Number of protein chains: 2
Amino acid sequence: MSKSLTTRGEDYSKWYNELVVRAELAESSGVRGCMVIKPYGYAIWEKMRDELDRMFKETGHVNAYFPLFVPRSYFEAEEKNAEGFAKECAVVTHYRLKTDPDNPGKLMVDPEAKLEEELIVRPTSEAIIWNTYKNWIQSYRDLPILINQWANVVRWEMRTRLFLRTAEFLWQEGHTAHATKAEALEEAEKMMNVYADFVENFMAVPVVKGLKTETERFAGADETYCIEALMQDGKALQAGTSHFLGQNFAKAFDVKFTSKEGTLDYVWASSWGVSTRLMGALIMTHSDDKGLVLPPKLAPLQVVIVPIYKGEDQLEQIRERIAPLLTELKAKGISVKFDDDNTQKPGFKFNEYELKGVPVRLAVGQRDLENNTFEVARRDTLTKETVSGENIVAHIEQLLVDIQNNIYQKALDYRNTHITEVNSYEEFKTLLETKGGFLSAHWDGTPETEERIKEETKATIRCIPLNRKEESGTCIYSGKPSKGRVLFAKAY
Amino acid sequence: MSKSLTTRGEDYSKWYNELVVRAELAESSGVRGCMVIKPYGYAIWEKMRDELDRMFKETGHVNAYFPLFVPRSYFEAEEKNAEGFAKECAVVTHYRLKTDPDNPGKLMVDPEAKLEEELIVRPTSEAIIWNTYKNWIQSYRDLPILINQWANVVRWEMRTRLFLRTAEFLWQEGHTAHATKAEALEEAEKMMNVYADFVENFMAVPVVKGLKTETERFAGADETYCIEALMQDGKALQAGTSHFLGQNFAKAFDVKFTSKEGTLDYVWASSWGVSTRLMGALIMTHSDDKGLVLPPKLAPLQVVIVPIYKGEDQLEQIRERIAPLLTELKAKGISVKFDDDNTQKPGFKFNEYELKGVPVRLAVGQRDLENNTFEVARRDTLTKETVSGENIVAHIEQLLVDIQNNIYQKALDYRNTHITEVNSYEEFKTLLETKGGFLSAHWDGTPETEERIKEETKATIRCIPLNRKEESGTCIYSGKPSKGRVLFAKAY
């Protein structure tokens, strides 16, 4: 790395873009708005996916796979959903190319291979899935259906940013069907809690659990639960949503079931998803001006060992010293690499592993050989200490736990000091520009006020926190009565 | 199951289609040629994917993710590849829908949202990936690149069949870049061997390793390695391919590197893939007229225990008896289910688990309680025995191994007795219709003869076996000289 990263203080946005590329997480592709997720970034996503998948299965869900394409007629069926996604969807209209007679070696769409009905590349799969569930559900005995899908989806966003907003992204989408409203609501809330558990305990990112306002709800949902995180620049990021869909899709696709009592009712539904957007949250919550900071539970490489040596003999001595340590760490399920690449200097390697966010770095030199010690550096605090070889394994194990806890606590402290109660619109506008973060304010409950505030300040209501206290007050904008505070913020 | 399956003898093709649906592996969707992979089918695919992924990682590969869309200009770059896939690709031409003014509530393609350049939904990713590698490769130090991707791809097939040939399918595609021809060739051959290892040792499906003829080669490859399996109806199925791409894509996308010696050379490439088509091979190799037969190593559920009882008291006794067994089996990593669903009779359950291919079924009734025994049934042979409770765990462990070996051996015996050496075209045609299987015959090495035989008999050259003996002879069709036998068969 010849040049250091732009710092967060200089330009947070530039810092993020540079970091994603320099740490080899992802890059823009030649396809408008689509990214290439590079091996290092994908390895983190794989760890996230595996943990989430385990949590979904533990809560009784199974995986399945539904078609990439949604025929236009299905897409239209649930009106609000269609309206919400029609403006940003990729449309397949033809199924063949042919040689362009005017341009040898070039291809063109074959006009004779036009589809009778256009196919939408799924922006979300409710339509295709509920068209399928229609055939799977006749009786209460067929319920609940608790299915999850890992897939790619496409939303034709005009302004894209790596991980945060891309035309194609990877995600999981749960789609469940239930006999009762209570059960579907419970499922939606349960999955919000699963997401919160994952984001806090694996990603080490604290979240606020809440409900979206009507304006911010998923198109086609009766209620949207969400988890909201706060980035280091004071902007919020929606980390996951879980929707109670009521009977909207059941009605759109005519999915009814015979209840235990013999009545014929529409099925109740939920859907819930998190995406590669979480990578953005992970990066922006913890990283610093030196590069990535990764929580040990999701780091593809948890420990790196760098030898500091002159000549092959010394390297060989270090290699012998290290061998049992490598074995022991691996046996404990800790991923470790001994970097004996002789084409790079230790200083270069240190910078590189800091950029990549490897939680623990060990260095071993001549003095360490003599004293049976290691130099142990932790990525989160950028501090070093000398540790005896005798208890190095236990030390590393504890350090990984400490780092996981420390970065969570740091993010939590930041987040907690950035939830500010405000009681006037002036104060609201000032704090939004100076301090940022979540502003907890009274709101009159109308979409009109919400829209005005958004237009004037770019702040949106991130959520109505689930744990808010019942407290009457007056709306900071309209002065009308309010039933409680909601969280506003500028958001990604 | 009110009605039993069509038998293989009656109509093999119908048997397959029925089995896939009745065993809840997959079903056709409302989208032309696209399937829904149902939870049970997906659980098998997940196990296959996890094993393959482990094997790829053990051989030094990493995962990444590239865009779903290939701009037309990239797609065109490698001519043979473009020609090979142009006739069957889904083309995105627009990025927005709008309300249809003539049909309220309906949507139409927005003519103002036409893409300047069409996007092809990837039928395979060489083009998009090599356009990316171009930026990643400058020097020999950047090589090799050993990347794999798990993804969905789309090929607009006109005649589709669940798993075997679908418009959209799931697969993995490895794409590697090398400094030398030898290394790229070695990689292509290595991955063919990894596939063979997986298919034989996990799927219990024997394969022939070989090379494709020029006609059957991947569009854009200089050489295609393949593994070919034989189904119970005597038709072959290509289970995996691994391509040596030469410098074709490097030249198409201008990907050069500076060698150690300072020269500027084009990069050498391989690509390799297996898909959900393997599910078809798995099903057709082992299953019988009762339903699926699954190899224990890939069965989502390996052992099922069915209680045979009258009244809740007896069920409770069985439950107590079973509890430690469930714990012990799970501790050994064996998946097991105790099916105490009281809405279905044991006989119904037996049929259901036979249909689903669960390798081992235990039944426990009053007499078993008294004698401390289990009735143990194995799915592959449909035989039953009474086993003492004292060594039941060891017995089950051994049984799973035996079943895995037995179904492989059975498939191998079938395959071996269906490789027939033929020495005249008459014999070839007769055997093809009566016995089927692989016909090992001399061929003159020309695409013309290959094409004629295909037209006249529907048999294609499945491969030039890697282990064939050098043996001169005369072509069964043209009478011209041949350098050795190749394997012909009708194929899926």
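The values are calculated or read from the model by the stated rules, or taken from the named source; none is laboratory data. Fair warning: this is a prediction, and the values are worked out from it, not measured in the lab. All Cβ positions, even for glycine, are placed from backbone atoms using ideal geometry, and neighbour counts span all protein chains on display. These area figures cover heavy atoms from the full protein model, side chains too; ligands, DNA and RNA do not enter into them. Shrake-Rupley method; radii C 1.70, N 1.55, O 1.52, S 1.80 Å.
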Tell me the angle of helix B:311-331 to the major Cα principal axis of chain B, expressed in degrees between 0 and 90 and rounded to the nearest ten.
40
Protection proxy ranking, peptides A:95-107, B:41-53, A:202-214, average beta carbon neighbours within 10 Å, highest first:
A:202-214, B:41-53, A:95-107
Rounded to whole angstrom, the alpha-carbon centroid of region B:202-236 lies from that of region B:245-280 at a distance of 21
For chain B, report the translational diffusion coefficient in µm²/s to the nearest whole number, using Stokes-Einstein at 37 °C, 0.692 mPa s, and a Kirkwood Rh over Cα pairs.
130
Taking the mean number of other Cβ atoms within 10 Å as a proxy for protection, how do you rank A:485-492, B:334-341 from highest to lowest?
A:485-492, B:334-341
Charges only on Cβ, +1 for Lys and Arg, -1 for Asp and Glu: so what's the dipole of the protein assembly as shown about the Cα centre, in debye to the nearest 20?
120
State, as an integer percentage, the relative contact order of chain A based on alpha-carbon contacts under 8 Å between residues 6 or more apart.
14
For every other residue with a beta carbon closer than 10 angstrom to the beta carbon of A:Ala90, add +1 if it is Lys or Arg and -1 if Asp or Glu, then tell me the sum.
+1
May I ask for the accessible area buried between chains B and A, both sides summed, probe 1.4 Å, to the nearest 100 Å²?
5000
B:Glu397 versus A:Val21: modelled label distance in nm, points set 7 Å from Cα along the beta carbon direction
5.6
Two-site FRET efficiency, A:Arg159 against B:Ser73, from Cβ-Cβ distance with R₀ of 25 Å, rounded to 0.05
0.55
Of B:Val376, B:Leu115, B:Phe169, farthest towards positive along the dipole that unit charges on Lys, Arg, Asp, Glu beta carbons give the protein assembly as shown:
B:Leu115
Quick check: residue separation of B:Glu83 and B:Gln317 times 0.36 nm, minus the Cα distance between them. What number comes out in nm?
77.5 nm
Residue among B:Leu25, B:Val62, B:Ile44 farthest towards the positive dipole end of region B:23-88, charges placed on Cβ
B:Leu25
Within region A:253-289, list the residues whose amide N lies under 18 Å from a label point set 7 Å along Cα→Cβ of A:Glu10.
A:287-289
Do you know the relative contact order of region B:166-316, to the nearest whole percent, from alpha carbon pairs under 8 angstrom that are 6+ apart?
26
Roughly what % of Cα-Cα distances in region B:1-57 sit above 15 Å, to the whole percent?
61
Find the centroid of the Cα atoms in region B:411-457 and in region A:302-342, then give the distance between the two in whole Å.
57
Would you mind counting up the charge near B:Ala250? Only other residues with Cβ under 15 Å from its Cβ, with Lys and Arg at +1 and Asp and Glu at -1.
-4
Using the Cα centre of region A:386-492 as the reference point, and only Cβ charges (+1 on K/R, -1 on D/E), how large is the resulting charge dipole? Debye, rounded to the nearest 20.
240
Other copies of A:Lys251: label-to-label distances in nm, shortest first, labels 7 Å along the beta-carbon direction
6.3
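Can you give me the Rg/Rh ratio for region B:99-200, using Cα atoms for both radii and the Kirkwood formula for Rh?
My calculation of the ratio gives 1.14.
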Can you work out the accessible area per residue across chain A, with the rest of the protein chains kept in place, probe 1.4 Å, in square angstrom?
41
Quick shape summary for region B:278-324, equivalent ellipsoid via Cα gyration tensor, semi-axes whole Å in descending order, reads 34, 13, 6
Alpha carbon centroid spacing (whole Å) that separates region B:1-52 from region A:360-406
53
When Cβ neighbours within 10 Å are restricted to other protein chains, what is their mean count per residue of peptide B:138-147?
1
For the protein assembly as shown, give the percent of accessible area contributed by carbon and sulfur heavy atoms, probe 1.4 Å, rounded to a whole number.
47
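Roughly how big is region B:1-69's charge dipole about its Cα centre, with Cβ charges of +1 (Lys, Arg) and -1 (Asp, Glu), in debye to the nearest 20?
For region B:1-69, the charge dipole is close to 120 debye.
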Charge dipole of region A:303-457 about the Cα centre (unit charges at C-beta), most positive-ward option of A:Ala411, A:Thr386, A:Thr449
A:Thr386
Quantify how strongly other chains surround peptide A:38-45 by giving the mean number of their Cβ atoms within 10 Å of each of its Cβ atoms.
4
Helix-derived mean residue ellipticity, 222 nm - over chain A, DSSP H n ≥ 4, -39500 (n - 2.57), to 500:
-11000 deg cm²/dmol
Let me check against my output: what whole-number percent is the relative contact order of region B:47-198, with C-alpha pairs under 8 Å and at least 6 apart?
25
For peptide B:24-37, what's the mean number of Cβ atoms from other chains within 10 Å of each residue's Cβ?
5
Cα convex hull volume per residue for region B:291-374 (Å³)
89
Quick note, the protein assembly as shown: a/c under 1.5 would make it rounded; otherwise a/b > b/c is prolate and the rest oblate (a ≥ b ≥ c, C-alpha gyration tensor); here it is rounded
Shape call for region A:71-116 from the C-alpha gyration tensor, a ≥ b ≥ c root eigenvalues: rounded (a/c under 1.5), prolate (a/b greater than b/c) or oblate?
prolate
So what's the angle, to the nearest 10 degrees on a 0 to 90 scale, between helix A:425-434 and the longest Cα principal axis of chain A?
30
Other copies of A:Lys98: label-to-label distances in nm, shortest first, labels 7 Å along the beta-carbon direction
2.9
Output, in nm with one decimal and in ascending order, the distances from the A:Gly311 label point to the matching label points of the other copies (7 Å from Cα along Cα-to-Cβ).
8.8
Return the distance in nm (one decimal) between the two label points of a simple spin-label model at A:Arg54 and B:Thr446, each offset 7 Å from Cα along Cα→Cβ.
6.2
Partner lysines whose C-alpha sits under 16 Å from that of B:Lys490, ignoring same-chain residues fewer than 8 away, are B:Lys212, B:Lys235, B:Lys429, B:Lys435, B:Lys454, B:Lys458
